[in-house]
Amino acid sequence: MAEATTQPIQTPAKRSLFQQLELDTRLLGMVGAFIILCIGFNLLTDGRFLTPRNIFNLTIQTVSVAIMASGMVFVIVTRHIDLSVGALLATCSAVMAMVQTQVLPDMLGFGLNHPATWAITIVVGLGVGTLIGAFHGWMVGYLSIPAFIVTLGGFLVWRNVAWYLTDGQTIGPLDKTFLIFGGINGTMGTTWSWIIGIAATALALFGLWSGRRARQGHGFAVKPLWAELTIAGITAGAILGLVWTLNSYLIPARRLKRMMEAKGETMPEGLEVGYGLPISVLILIAVAVVMTVVARRTRLGRYIFATGGNPDAAELSGINTRMLTVKIFALMGFLCALSAVVASARLANHSNDIGTLDELRVIAAAVIGGTALSGGLGTIHGAILGALIMQALQSGMAMVGVDAPFQNIVVGSVLVLAVLIDIQYRKRLGAK
Amino acid sequence: MKTAKELRAEGATPLVEMKDISIAFGGIKAVDHVSVDVHPGEVVGLLGHNGAGKSTLIKILSGAYHMDSGEIRINGDKVEITNPRDARSHNIETIYQTLALADNLDAASNLFLGRELVTPFGLVDDAAMEAECRKIMGRLNPNFQKFSEPVSALSGGQRQSVAIARAVYFNAKILIMDEPTAALGPHETQMVAELIQQLKAEGIGIFLIDHDVHAVMELCDRASVMKNGALVGTVDIEDVTDDDLLSMIILGKNPGEAADSTTD
């Protein structure tokens, strides 16, 4: 192994300006579809769809499904499926509702709205979700029961465990601090939103720059500088544009007055305050970033994709694929619990039907987002965009006044159509 | 350094000894009390029909299967190999017939699969892995250029170079090659032959599974022939002809033995 003749690095052949950007054309297609959808609904509703208020609502409605969809990507990439996410969300939500309204205040004597209640509740909820997920993963990985069966059973079991825990009652109101994770009751305000937005932009640009430097350090070909700057510009524009939009949604004057009176202040005439970034959206962004790093830059992620591409190869390469399955399902369970926090806080109570049909929305979001059921392919940002497209479609149709049955007929058809387009696209590309 | 033949003549401890190995699947004895060994710098061919048990035998050494009885010794010490990680920790590397590549990952990711290079923060270092991959490919297959594409986009020969690179990069001491030239053209087959000579000179012990008697005659020092899960015999390549080997494979008899011998 003494010789060190390194492979010569070819200079890339001349390509069009667009190709030099090295963008993911599939992602671009989805963004395009999303933009067309938004503009279409905006025209049909006389400009009511693309208002700060509606965009704000759209984002907070998407969070719960999007968080779970990011976990579903890993499950589907490894050729499994999880049909129990909606039911698991319900069980986690029920456990947390009982902990914060009965166990802590009454049985442990904390009283209502104790400052530690929300934290203990969330820790318990996340623990329960992770354990149930790990149990599913153990049955799939170590007992070799197909994931379809394990989670189909889990779907019935956990939906009704939730029912049993709460006697089918709606549990509420939830802890006051807990509610800030729901969306409208917990936003960062305009100043902090700008600070977070600028910090996120700086981080994203640093990421692009350090990636480029690492490749240059080894003497590999890099994109031309103008292409890199264009990408940086689009990234910064998207982050700051979102912050600007959410900041433009103003807190209604009467609500603001009540909020200030609660603090013992009087509202000055003509004061305008924007909501800014909801905390639930921040959670989603954090989940997206962490999951993307896991997928691309950690051994765990590499093993997940390798196992999806060729399970035998992964096993023969010394990867413990059974334990990997446990980890993936445990992560899925954790994310279901996190979604349960957001979903129950958004509704301000735990209702018996929480998360119903979420499993289908989550799987659909992942699949529309380009996750292949044959395994090995999928991205986190794709799944989140998929969730956003589904939610936009649903709430857009509701605003236009499409009848409820037609809404579901359209969503179902779009799912099948999206997969068809994906298959055609991949065929043309010659990829598997 | 002494040649493998001299070492054997002196009765030196082999690099690997597989002694009296048996494994059965659902009552069928896939490998039945078989013993083989290899010395440093030696190439031992494993021959036999499809289903003779040669791949199964070798998968026990690489940790993919767990033997029912028998023992494996490396440099004379008894070792337990229960999974591929154990085999790798004993510097046993395998190039599988089915190549065992993850089609959706690029060459560098496949090369380092299970043993990724990481940055000080514990994140996988793709740029460093690609640089190492370019180094080893420059040695093995100078025409290889598709570093950023998934290996599903590669030709059979290019995929094979990735599989071979994976086995030789990590300083293997014992190399198992399961039909390494099955998917290759003449030029690439020649490349593998040269590589085997080079690895031999570095003192690596190689088990080579092949259907092709001529390839075995050309590349190997000794050959062990299997039939129906049992070992027919082990011969020095210098002492036998193609026809001797063929009759061992087909009839299950050693050179000079009567036709209706013990096996079968």
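Brief remarks on what is shown
- Search result, residues across the range B:27-54 that are small (G, A, S), touching an Asp or Glu at 6+ places or on another chain (Cβ under 8 Å) and closer than 20 Å to B:H214 by Cβ: B:G45
- Taking the range B:140-156 as the range and being surrounded by 20 or more Cβ atoms within 10 Å (Cβ to Cβ) and not hydrophobic (A, V, I, L, M, F, W, C) as the test, the residues that pass are B:N141, B:P150.
- Only one of the numbered conditions (1) within 30 Å of B:E132 (Cβ to Cβ); (2) touching a residue at least 40 places away in the same chain (Cβ under 8 Å); (3) touching a Ser or Thr at 6+ places or on another chain (Cβ under 9 Å) is violated by A:G183, and that is (1).
- Screening A:V326 with (1) over 16 Å from A:R79 (Cβ atoms); (2) away from chain B (no Cβ under 14 Å); (3) surrounded by fewer than 24 Cβ atoms within 10 Å (Cβ to Cβ) gives one miss only, at (1).
- Matching residues in the range A:151-184 - criterion: being crowded, with 17+ Cβ neighbours inside 10 Å, polar (S, T, N, Q) and assigned to a loop (DSSP other than H, G, I, E, B): A:T177
- Each residue in the range A:258-280 was checked for being without any contact (Cβ under 8 Å) to a residue 60 or more places away in the chain and on the phi > 0 side of the Ramachandran plot, and 2 of them qualify.
- Residue selected from the range A:119-146 under the condition touching a helix residue (DSSP H, G or I) at 6+ places or on another chain (Cβ under 8 Å) and not in a helix (DSSP H, G or I), by the criterion surrounded by the most Cβ atoms within 10 Å (Cβ to Cβ): A:I145
- Counted residues, the range A:217-271 - those being within 19 Å of A:F206 (Cβ to Cβ), in a loop (DSSP other than H, G, I, E, B) and either assigned by TED's automatic domain parsing to the domain that holds A:L282 or not hydrophobic (A, V, I, L, M, F, W, C) (or both): 1
- Scanning the range B:127-142 for residues that are touching a residue at least 12 places away in the same chain (Cβ under 8 Å) and touching a helix residue (DSSP H, G or I) at 6+ places or on another chain (Cβ under 7 Å) yields B:M129, B:E130, B:C133, B:I136, B:M137, B:L140, B:N141.
- Summed over the range B:158-191, the residues that are farther than 26 Å from B:T56 by Cβ, of a type outside the set (D, E), more than 13 Å from chain A (Cβ to nearest Cβ) and not in a loop (DSSP other than H, G, I, E, B) give a count of 4.
- Every pair of residues 6+ apart whose Cβ atoms lie under 9 Å, when the first sits in the range A:33-50 and is exposed (fewer than 15 other Cβ atoms within 10 Å of the Cβ) while the second is not in a helix (DSSP H, G or I): A:I39/A:F49; A:I39/A:L50; A:G40/A:F49; A:L43/A:F49
- Reported count of residues in the range A:303-319, each being closer than 9 Å to B:G114 by Cα and either touching an Asp or Glu at 6+ places or on another chain (Cβ under 6 Å) or facing another protein chain (nearest Cβ under 7 Å) (or both), is 4.
- Spans of helices (runs of 4 or more DSSP H) in the range A:15-118 with at least 1 residues within 20 Å of the chain's Cα centre (by Cα): A:25-44, A:52-77, A:85-98
- Remark: B:A107 matches the filter, which requires a residue to be under 23 Å from the mean Cα position of the chain (by Cα), under 20 Å from B:M191 (Cβ atoms) and without any contact (Cβ under 8 Å) to a residue 60 or more places away in the chain.
- Output for the range B:1-32, where each listed residue is in contact (Cβ under 8 Å) with a residue 40 or more places away in the chain and of a type in the set (G, A, S): B:A4, B:S22, B:A24, B:A30
The values are calculated or read from the model by the stated rules, or taken from the named source; none is laboratory data. These numbers come from a predicted model, not from an experiment. Every residue, glycine among them, receives a Cβ derived from its backbone with ideal geometry; neighbour counts consider all protein chains shown.
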